[in-house]
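Scroll down for the structure; my scribbles are underneath it.
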Number of protein chains: 2
Amino acid sequence: MNGAQALMKTLADAGIEVCFSNPGTSEMHFVAALDAEPRMRAVLALFEGVATGAADGYARMADKPAATLLHLGCGLGNGLANLHNARKGKVPVVNIVGDHATYHAQYDAQLQSDIETVARNVSPNFVRTSTTTAQLSRDAVDAIVAARGLPGQVATLILPADVSWGEGGVPCPPPESMQLEAADDTVVQSIAAAIRAGGKAALLLGGRALREPALLAAARLAQAHGVQLFAETFPTRMERGAGLPPVERIAYMAELASVQLAGLQHLVLVDAKSPVSFFAYPGKKSDLVPEGCTVHTLATPAQDAASSLEKLVQALDAANTAPALQEAQRPSRPRGRLSAAKVCKAVGHLLPDNAILIDEGITSTLMLAAMTAGAPRHDLLTLTGGAIGQGLPSAVGAAVACPDRPVIALIGDGTAMYTIQALWTMARENLDVTAIIFNNASYSVLNVELDRVGAEQGGAKAKSQLDLHGPVLDFTRLAQGMGVHAARADSARSFCKAFEYALAHPGPHLIEAVVPESISGARRKLLPWVLKSLPNLPEGAARALKRKIAP
Amino acid sequence: MNGAQALMKTLADAGIEVCFSNPGTSEMHFVAALDAEPRMRAVLALFEGVATGAADGYARMADKPAATLLHLGCGLGNGLANLHNARKGKVPVVNIVGDHATYHAQYDAQLQSDIETVARNVSPNFVRTSTTTAQLSRDAVDAIVAARGLPGQVATLILPADVSWGEGGVPCPPPESMQLEAADDTVVQSIAAAIRAGGKAALLLGGRALREPALLAAARLAQAHGVQLFAETFPTRMERGAGLPPVERIAYMAELASVQLAGLQHLVLVDAKSPVSFFAYPGKKSDLVPEGCTVHTLATPAQDAASSLEKLVQALDAANTAPALQEAQRPSRPRGRLSAAKVCKAVGHLLPDNAILIDEGITSTLMLAAMTAGAPRHDLLTLTGGAIGQGLPSAVGAAVACPDRPVIALIGDGTAMYTIQALWTMARENLDVTAIIFNNASYSVLNVELDRVGAEQGGAKAKSQLDLHGPVLDFTRLAQGMGVHAARADSARSFCKAFEYALAHPGPHLIEAVVPESISGARRKLLPWVLKSLPNLPEGAARALKRKIAP
């Protein structure tokens, strides 16, 4: 048995069933070993960012890692952005990077580069180059343990070609799974005391705290003690919709987030980090915790959010309080000329049961949360690390993990182009994904940001860097070029029709939603949108917001 | 003047006239500074790999660096593969990577990552995070000096947002240009003595040694002393065609390269590295220098190849020897069903004057060198670092550098998909590029490699990882989706017609050449091709080759 064959068996024995791959010559023995392992599915991507993004989306939905297969430092580079998103989302990935044979490195051949230095960016805690065939499977198990660790992470195993092809491979038994522990009693009691003492308190839920058991516990606390519930801005996976407790996400824009958090005296983190501004802006604070607010940590990402919240429920005598649950409620069918908001409305109107919703719509999906709040229960996956180009690959992975669930991915035109190759894998694997692309011919968010950072003198050359006209992308043709059924819609009616068709015909579809730019660079125009998307905003806060962001 | 404005002036003063960009929020001040600097052209890419590949192609043709503008660690990751190609090709690039404001790093926001660790992979000698606005322009000049250094390299300047937006920017005067020096007399004399002493000798020309002055000097030596001339396998830029000395490239396949180099007693490196196998293969040597052959270095990449060769010409009394020059000679117009070889033949038949030819055709362009050998003089750019996805971006950069020269890029279908977004930039900038995509629906080279690495048990699952069927890509639609005129050809006649149309209508064109897979996995089928592509192979060597690669 060669190294690759032993590795393949070791991965499969540990429950790793899918490898998202874009191989080259140095990975040929790993590829050849696929046929002897019926438990391993190999999903080919035309670009490494698709493979890594798919591994991210897969693990979010499967709750276990997939493997990747990348080709040396350059392949890892191409896959880095979506591994970054996985890292920030605490998503487990067993990232396998082929390398030259150990003895070949000295010759500095064309593809030779320092792979480890690149890998450290996304795998700060586990980068290992396996140096002997006999040890390879053991290294793989260590990588699996690291990936599935507390919390999940990207573990990078570098696999030299001769270690792969060498004889003497020894499969290694699977690692035991680790158990998350709940918060310490003293921590629970201290937080319970703070909440009992009164003062405005909120729970900030992230990671696993956005799954049903944790949400229900948090909602009991909200009901019993008036604690506000917030979700982190970009959840890895959030369960939501009718029948689940509704939770408002912290806004992307610091100006809005400050309004949401204003007046808080206690902010309790549950598998979440303390809120900070996405970017820095001249003269503005990066730390979004209001002055005078104490930040408590109930559960770190290495702890069990649900059982920690249950302990807090017990400590606060809320076990018998019924949580407030979201009522089933859908927006009406949109009419007239299409806009980004109407796309979101149509998604809310038509969302099927048990969908997986992927949101990389950037400015175009500001209304998505409000429009789908009472839709049938679904999972929401978002852009955890801010590295755009995550949505389409993530949809590939989610669909592979959950073949019986419809995946609906809402993607901006700019973001779609980073990893547009994902469409081909959707077609090849016949995945049940409907990709909705908002074509507004703009890096719309940057028009807002150009203003927000105070670079107001932006002239024609500057503006041209944020503009996607000349030529306007034709996503319908791009999809057809990769074998994906596609339709273009510029009216609400044609959009609904295309979406209904896609939902009725499982398999990959792309709908190009031609929409006007929803944000033309002026914050003033943004305001009504954000007010609608934050329905729980008290009147005073709304006024303050108006003064702040659109004086 | 803020930091970004001072930086922009400093870059322009130093002769950096183009910035290939894919910016985000942290780069908005740099973007805003574009309008105040008329000497700087900003070329937007939809994906960072296009920006970096364009910077590579630009510098190869302009003989000076462009700047890139990338967005944090993820943007750098996306651009890494083509920076790797630039690094391996010793191509100067001033790689500017925006970062969070210095004080924002501590908050570990979504896009926060260790940029320097990624950058080290491609910029081992110059990675600097600029930490103060006052120092920024000085840091930029240091980066320019490093990039233009001896030899050229990728210098990465990391630009925090607050350093960019801070007031107190001070432009810095341009650095002086450095002069390359010729080889030492003792080295020249020692090599001259070795050549005079007889025995089979060859010059291996790389880097700048593949430009006309060096080629002419080398060809005098060939004529006067029977020295063989070889070019490195993947030249950064090679001047060739009618009127220039013909030089045979070392073959990609080690089996072939061994035949080319067999019997050599002296191998003289001129701005080239000693030949090694591209990949390692079980049981095969990586070092391709034949036993008993002495390797001499006439000029390192830090030295001047042309003047070093001139010194050797003087030392060997060859100054008055007329070099053998390639005769003008074109293949006939191909007929019948299209094949990869016929595409190469058509390119040779029709190649316009003064073209820039980009070869990323992998298995499909085996015949390109032979078919264009006597075509009008042109520059050839190749895949220096082996990181595929270089050809289309490189064409963007070459066309920006040389707006009056037609750029013809021959690209494999697999490779084209890594950076297909380059087509949009070609359309937007109305670049005179004809992209010829060989659509054989296969990672054809991997079918050869699967066999070469000895992984012969490849079954259906393994083979599926090398296969691009299901669906077959439609490059005509992909091009149209990005605003590029496109045509599909499956006969030699329709290909010639499409190519003639493209050449007659300057601007971007894509021709999808539908070809059968030229290599079906059996080396036997490869043999006639490689024999034709190595016309100078003696009969004995051809027999040896047949025994070796197709027993």
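The values are calculated or read from the model by the stated rules, or taken from the named source; none is laboratory data. Note that this is a predicted model, so its numbers are computed, not measured. Here the Cβ positions follow ideal geometry from the backbone for every residue, glycine too, while neighbour counts run over all protein chains shown.
What is the residue count in the stretch B:105-114 for residues that are in a helix (DSSP H, G or I) and either crowded, with 19+ Cβ neighbours inside 10 Å or within 7 Å of chain A (Cβ to nearest Cβ) (or both)?
1
I'd like to check something: does the stretch B:52-59 contain any residue that is farther than 20 Å from B:Leu11 by Cα and at pLDDT 95 or above?
no
Tally the residues that are of a type in the set (A, V, I, L, M), assigned to a helix (DSSP H, G or I) and surrounded by 21 or more Cβ atoms within 10 Å (Cβ to Cβ), restricting the search to the stretch B:324-356.
Residues meeting the conditions: 5.
Name the residue, out of B:Ile411, B:Ile437, that is among the β-branched types (Val, Ile, Thr), under 24 Å from B:Thr236 (Cβ atoms) and away from every other protein chain (no Cβ under 13 Å).
On the way: B:Ile437 fails: away from every other protein chain (no Cβ under 13 Å).
On inspection, the qualifying residue turns out to be B:Ile411.
Can you pull out the residues in the stretch B:447-474 that are hydrophobic (A, V, I, L, M, F, W, C), at the interface with another protein chain (Cβ under 7 Å from one of its Cβ atoms) and either touching a Gly at 6+ places or on another chain (Cβ under 7 Å) or surrounded by 22 or more Cβ atoms within 10 Å (Cβ to Cβ) (or both)?
B:Leu450, B:Val453, B:Ala455, B:Ala462, B:Leu473
Within the bounds of the stretch B:121-140, is there any residue that is touching a Ser or Thr at 6+ places or on another chain (Cβ under 8 Å) and more than 26 Å from B:Pro173 (Cα to Cα)?
yes
Could you check the stretch A:357-370 and list, in sequence order, the residues that are assigned to a strand (DSSP E or B) and touching a residue at least 60 places away in the same chain (Cβ under 8 Å)?
Answer for the stretch A:357-370, where residues must be assigned to a strand (DSSP E or B) and touching a residue at least 60 places away in the same chain (Cβ under 8 Å): just A:Ile358.
Going by the conditions given, is A:Leu423 under 18 Å from A:His485 (Cα atoms) and either assigned to a loop (DSSP other than H, G, I, E, B) or at pLDDT below 95 (or both)? Explain how you work it out, then say what you get.
Working: under 18 Å from A:His485 (Cα atoms): yes; either assigned to a loop (DSSP other than H, G, I, E, B) or at pLDDT below 95 (or both): no.
Here the answer is no, as A:Leu423 does not meet what is asked.
Before we move on, is B:Thr419 within 30 Å of B:Ala42 (Cα to Cα), within 9 Å of another protein chain (Cβ to nearest Cβ) and buried (at least 24 other Cβ atoms within 10 Å of the Cβ)? It would help to see each step written out before you state the result.
Numbers: within 30 Å of B:Ala42 (Cα to Cα): yes; within 9 Å of another protein chain (Cβ to nearest Cβ): yes; buried (at least 24 other Cβ atoms within 10 Å of the Cβ): yes.
Yes.
Just to verify a result, which residue in the stretch B:269-298, among those that are part of a loop (DSSP other than H, G, I, E, B) and of a type in the set (A, V, I, L, M, F, W, C), is nearest to A:Thr25 (Cα to Cα)?
B:Phe279
Each row is one residue, and each column tells you yes or no for (1) within 14 Å of another protein chain (Cβ to nearest Cβ); (2) under 27 Å from B:Gly57 (Cβ atoms); (3) without any contact (Cβ under 8 Å) to a residue 12 or more places away in the chain.
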| position | (1), (2), (3) |
| --- | --- |
| B:Asn125 | yes, yes, no |
| B:Thr131 | no, no, no |
| B:Val141 | no, yes, no |
| B:Leu150 | no, yes, no |
| B:Leu159 | yes, yes, no |
| B:Asp162 | yes, no, no |
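Does B:Ser274 satisfy the criteria of being modelled with pLDDT of 95 or more and closer than 16 Å to B:Val188 by Cβ?
No; evaluated as a whole, the condition is false for this residue.
Would you mind listing the strands (runs of 3 or more DSSP E) fully within the stretch B:146-241 where at least 2 residues are under 30 Å from B:Leu76 (Cβ atoms)?
Result: B:154-160.
Would a scan of the stretch B:9-19 turn up a residue that is crowded, with 24+ Cβ neighbours inside 10 Å and closer than 24 Å to B:Ala427 by Cβ?
Checked against the condition, which is being crowded, with 24+ Cβ neighbours inside 10 Å and closer than 24 Å to B:Ala427 by Cβ, the stretch B:9-19 yields at least one hit.
For B:Ala4, indicate whether it is within 13 Å of another protein chain (Cβ to nearest Cβ), assigned to a strand (DSSP E or B) and over 21 Å from the mean Cα position of the chain (by Cα). Break it down into steps so the answer makes sense when it comes.
Working: within 13 Å of another protein chain (Cβ to nearest Cβ): yes; assigned to a strand (DSSP E or B): no; over 21 Å from the mean Cα position of the chain (by Cα): yes.
So B:Ala4 does not fit the description; no.
Can you go through B:Thr102, B:Thr52, B:Thr10, B:Thr117 and tell me which one is facing another protein chain (nearest Cβ under 7 Å) and among the β-branched types (Val, Ile, Thr)? Give the derivation first.
On the way: B:Thr102 fails: facing another protein chain (nearest Cβ under 7 Å); B:Thr52 fails: facing another protein chain (nearest Cβ under 7 Å); B:Thr10 fails: facing another protein chain (nearest Cβ under 7 Å).
After applying the criteria, what remains is B:Thr117.
Which residue is farthest from A:Tyr252 (Cα to Cα), if the candidates are limited to the stretch B:29-49 and must be at the interface with another protein chain (Cβ under 8 Å from one of its Cβ atoms) and touching a residue at least 60 places away in the same chain (Cβ under 8 Å)?
Per the stated criteria, the residue is B:Gly49.
Can you pull out every residue in the stretch B:13-28 that is within 12 Å of chain A (Cβ to nearest Cβ) and of a type in the set (Gly, Ala, Ser)?
Correct list: B:Ser21, B:Gly24, B:Ser26.
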